1. Out of curiosity, is GLU203 without any contact (Cβ under 8 Å) to a residue 40 or more places away in the chain and among the charged types (D, E, K, R)?
2. Test of understanding: among VAL56, VAL67, which residue is closer than 27 Å to ALA145 by Cβ and of a type in the set (Val, Ile, Thr)?
3. Does the range 395-432 hold any residues that are polar (S, T, N, Q) and either within 16 Å of PRO374 (Cα to Cα) or in contact with a His (Cβ under 7 Å, 6 or more places away or on another chain) (or both), and which are they?
4. Across the range 219-253, what is the total count of residues that are in contact with a strand residue (DSSP E or B) (Cβ under 6 Å, 6 or more places away or on another chain) and among the aromatic types (Phe, Trp, Tyr)?
5. Hey, can you tell me all the residues within the range 399-412 that are of a type in the set (S, T, N, Q) and closer than 21 Å to ASP119 by Cβ?
6. Would you please name the residue that is farthest from GLU310 (Cα to Cα), looking only at residues in the range 354-384 that are open to solvent by 40 Å² or more (accessible area, probe 1.4 Å) and either in a strand (DSSP E or B) or in contact with a Pro (Cβ under 7 Å, 6 or more places away or on another chain) (or both)?
7. Would you mind listing the strands (runs of 3 or more DSSP E) fully within the range 400-501 where at least 3 residues are at negative phi and surrounded by fewer than 21 Cβ atoms within 10 Å (Cβ to Cβ)?
8. Say we look at the range 22-73 and pick out the residues that are touching a Phe, Trp or Tyr at 6+ places or on another chain (Cβ under 8 Å) and polar (S, T, N, Q); which of these is farthest from ILE86 (Cα to Cα)?
Amino acid sequence: MPLSIFFLLLCLLSPPLHAALPLPGGYYINCGASQEETTGGIQWIPDEGFINAGNVSKIGTPDIVPVLATVRYFPDESARKYCYNIPVARGAKYLIRSTYYYGGFDGGEKPPVFDQIIDGTKWSTVDTAENYAGGLTAYYEIVVAAQGRTLSFCLARNNQTTSSPFISALELVSLEDSMYNGTDFAKYALSTVARHRFGYDGEIVSYPDDPFNRYWEAFTDSNPYVECHSNVTPSEFWNRPPETVFQRALTTSRGKKLAVQWPPATLPSAAYYVALYFQDNRTPSPFSWRVFDVTVDGREFYKGLNVSAEGVMVYGTQWSLSGKVEIVMTPSSDSPVGPVINAGEILQMVPFGEKTITRDVISMEELARNLKNPPPDWRGDPCLPRQHSWTGVSCSQSGSIRIVGLNLTNFGLSGSLPSSINNLTALSNIWLSGNNLSGPIPEMSSLRNLVSLHLEDNQLSGSIPSSLGGLENLKEIYLQNNKLTGNVPESLKKKAGADIK
């Protein structure tokens, strides 16, 4: 589900007094921009080098902040996906935020609907029409652990897409190891549903208050709020919440239950990660404590929670929720004051799907680098999601996800074939005829499942590898109309039942 923000808010958050603070680590990508911009104390860079597809358009909205002043959009309907590839550290944890402000860049009145994909797994559907109609920018967030040295973020059309997918900004922020732990990040990602500081209405808190540039929106209800009279130490909390979110708390009278209907959104039935933050608001003393039980949707979340002026965080993973959610805090009989709650985060657990085996991914990425003009969707996972595999690539349908076929006949390709093609050991067909490929035919002795090899009508040179004759399943070998030299190897001449040209 999209989260919303006024499109001028990024400018309002600019923190000139905090210019000496370290910037959050990661990448802040201004999609479609031609130069670097500094907004909100953060330096944004153009997206050149992260993506090789799409067009750029300027947004005509007056006085819009630079981060939203351009979009990259993707009119090519033949491409199965459009991917940003971002360098990461294997195993490290990141917050990814994608931001969308339509601005009528294509002359339309309504933004398109399309999908977001993270490393081969569909994350969510982007539908910003309601936000745009209300003058809002939409953003989506997800927390992931990198499985390799690059992370792919892709947009893709779906059956609701009627015009070009687009994006305004993309952020990848490094998180500390302790953050959102208790989650098996090898199997799940966490998609942000809500992140609120309670007892407030008004602007969002982010960097520099939050060194990870998370957006803490304001939340208030009919419960009274209190001001807090001591500071917390963020490093004492696994999720590193900013001090700012503890400055107020919702509360109620001594002996009464505190009930908060939160988050505001109606939740789809799913598993969630829930983190709640509490601090006794009084000046620290031996008496600044309170004890209460916490339930979420009528189920025990934490029993006998002792909240002091130092603050405390409690969290739950794999928490099944749906619809409207109510958090109830029931004080113990001897608690001197009523319950309090300062802030909360709720993130939907997104199961990671299958992945193409790493060796095949590395080999296909090497092939893409060796081609001067690969198809525009040759980024991200080559096979997944299955409806968004790379153009011309066929993949196995069961067991480990492998590349089983390449078919880019008459595709206008130029460049060369790398030696790493020999690592694609599940290949049964290579059909690359009718292109402008040059250089030698690489060694293919490991391709024991290969049945058909079509390299005719190219500019390939050098000799024919004799090892082709040793591939027992190879029945079609078409190499004519190239610049090959030397004789046909004896191993091929003696190959029974093979169609060789």
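The values are calculated or read from the model by the stated rules, or taken from the named source; none is laboratory data. Here the structure is a predicted model, which means the values were calculated and not measured. Heads up, the Cβs are rebuilt from the backbone with ideal geometry, glycines too, and the neighbour counts pull from every protein chain shown. SASA here: full protein model, heavy atoms, side chains in, ligands and nucleic acids out. Shrake-Rupley method; radii C 1.70, N 1.55, O 1.52, S 1.80 Å.
1. No: the conditions fail for GLU203.
2. Just one listed residue meets the conditions, VAL67.
3. Within the range 395-432, ASN407, THR409, ASN410, SER414, SER416 qualify.
4. The qualifying residues number 3.
5. SER400
6. Here the residue is ASN370.
7. Where strands (runs of 3 or more DSSP E) fall fully within the range 400-501 and carry at least 3 residues being at negative phi and surrounded by fewer than 21 Cβ atoms within 10 Å (Cβ to Cβ), they are 403-407.
8. Here the answer is THR61.
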